[in-house]
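The values are calculated or read from the model by the stated rules, or taken from the named source; none is laboratory data. Nothing here was measured: the structure is a model prediction, and the numbers come from that model. Glycine also receives a Cβ, built like all others from the backbone with ideal geometry; neighbour counts cover every protein chain displayed.
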Amino acid sequence: MASKTTGRSLQNIIRRTRQTCECSSSKYPRSSTIRQFSSTASRKEVPEYENDRAERPRWSYTPEKMKAPVSWRIRDPEQAWECNSDPARLDRFYLKFLGGGGDKMLTDEIKWLAVTHKSFDQGRRGFNDRLSFLGRRILNLQTNLALLSQPATKVQSVPDITDDRKPYTHSALEGLANLSNNQLSEVLTKQRLGRLATQLGMKSIIRWQPRNVNNLDASGIDVVLTTTLYAIIGAIALQKGGDVAAAVAREKVLKPLGIL
């Protein structure tokens with residue numbers, strides 16, 4: 001009998017406690033009682049940083065998601081290097097290099113991509129390696145065709161007097177010896193292409209970060225200029241087609257070098 005009385009009293013206590021908890025939970029929402037461990041705003045309240053730069057061109061800024069919160073690299077003020085960011089200066093270069101309408105031959109994004117080296121901004125804004133690969137193949141082909149169309153300047157080997165055979169000759173094959181006597185690496189050297197690019201004013205518009213700002217030659221300025229020259233030809237091939245790119249390679253590069 002005592003055990004039944006004790007059990008009923010415990011049930012009454014549990015029932016009253018449950019009613020009290022339900023009332024308190026309905027009066028004070030659970031979300032307000034939870035302690036906030038973070039002082040930052042929720043994701044919905046933070047404006048998307050992409051929206052602030054939606055109108056800005058891709059070449060003009062580094063995407064926020066590609067930036068580290070803290071730069072681990074110590075910046076040396078003596079090694080500071082400023083690159084061109086003026087579209088008007090870039091258009092003047094394309095007009096000088098390609099002639100009339102040269103500033104309209106490529107889109108704005110491609111114009112900047114073609115003159116951007118992978119050392120600029122750690123490559124986060126894109127770089128011209130792939131365009132340079134295509135442009136180099138086009139310029140090499142046009143150089144070989146130019147050498148093939150020229151008369152041979154050297155004799156490959158001294159003819160044997162005791163040999164009675166007569167080699168086959170044809171007017172279309174007269175320049176074939178030029179391809180073996182003149183190495184392509186000796187015709188299109190980085191020094192020759194670098195001088196041509198310098199005469200066109202390319203140094204003032206390329207975007208790159210030299211290893212030593214006080215010694216651009218040791219930093220590989222000729223290689224960067226040559227890569228940019230190739231990249232512009234490759235970009236023209238993708239935008240305007242191979243015929244236009246081949247014409248630019250012949251008229252704007254090979255002729256000034258004296259190959260044509």
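One table, with the values for the structure above:
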quantity	calculated
Only listed residue being farther than 23 Å from His117 by Cα, in a helix (DSSP H, G or I), touching a Lys or Arg at 6+ places or on another chain (Cβ under 7 Å) and hydrophobic (A, V, I, L, M, F, W, C), chosen from Ala172, Ala247, Ala177	Ala177
Test: residue in region 175-190 that is at pLDDT 90 or above and over 21 Å from the mean Cα position of the chain (by Cα)	yes
In region 114-130, the residues that are on the phi > 0 side of the Ramachandran plot and not in a loop (DSSP other than H, G, I, E, B)	Asp121, Gln122, Gly123
Qualifying residue in region 170-184 (condition: buried (at least 17 other Cβ atoms within 10 Å of the Cβ) and acidic (Asp, Glu))	no
When residues of region 173-211 are limited to those that are small (Gly, Ala, Ser) and out of contact with any Ser or Thr (no Cβ under 9 Å at 6 or more places or on another chain), the one nearest to Gln150 (Cα to Cα)	Ser180
Close pairs (7 angstrom Cβ cut-off, 6 or more residues apart or separate chains): more than 16 Å from Thr227 (Cβ to Cβ) in region 124-147, basic (Lys, Arg) and assigned to a helix (DSSP H, G or I) anywhere	Gln142/Arg250
Output for region 74-111, where each listed residue is at pLDDT 95 or above and aromatic (Phe, Trp, Tyr)	Phe93, Tyr94, Phe97
